[in-house]
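Notes for the one structure printed next.
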Amino acid sequence: HDRNEPRCSMQTPVVASSTSIGCGESKDVAESCGGYLTVLQYKEREHFMYHYDSGGIHRRMATMLYYLTDVLKGGGTQFPFARTTMGLDGKGKSLGLSVKPQQGMAVLFYNYLPSGKPDIDAVHAGMDVIDGEKWAANQWVTVDELLP
């Protein structure tokens, strides 16, 4: 079925220091910088449709996606418009990227181009979990924290 909201969202205060943005440890600073983790659970046949992580009230400059578990089959994160410098065959450029969830791995991507326009490469989806269960966590760095 289509997922509009994560099944499990736990707001756990985490300082966004791993992003090297320099967020402080106070709750107010962590909230303004997006220093909270949102934990996601996907069961079999669940997915999250294609979307941007930024837009409307969400001004998220960057996304860090942490994979908390391995998935037996499926459950990858797909970036359909991402341009890579090397194709999957090791030759030339390609369009599209799929990341297989592996426990302990993380993916960092930017939601905006240096010009401030949304980056189409950041459009992504959580693909169907075919076998097993997927646990992941998102952490965002917001634009407001980066502006003077």
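Can you pull the percent of Cα pairs in segment 38-138 with separation above 17 Å? Don't skip to the answer; put the middle values down first.
Details: 2725 of 5050 pairs.
Here the tail beyond 17 Å accounts for 54 percent of pairs.
Which order do L113, L37 take by accessible area at a 1.4 Å probe, largest first?
Working: L113 70, L37 35 Å².
Listed by decreasing accessible area, they come as L113, L37.
Tally Lys/Arg at +1 and Asp/Glu at -1 over every other residue whose Cβ is under 14 Å from the Cβ of G132; what's the total?
-1
The values are calculated or read from the model by the stated rules, or taken from the named source; none is laboratory data. It should be emphasised that the depicted structure is a prediction, and the values quoted were computed from it without experimental measurement. We place every Cβ from the backbone using ideal geometry, glycine too, and count neighbours over all the protein chains shown. Surface accessibility is based on the protein's heavy atoms, side chains included, excluding ligands, DNA and RNA. Shrake-Rupley method; radii C 1.70, N 1.55, O 1.52, S 1.80 Å.
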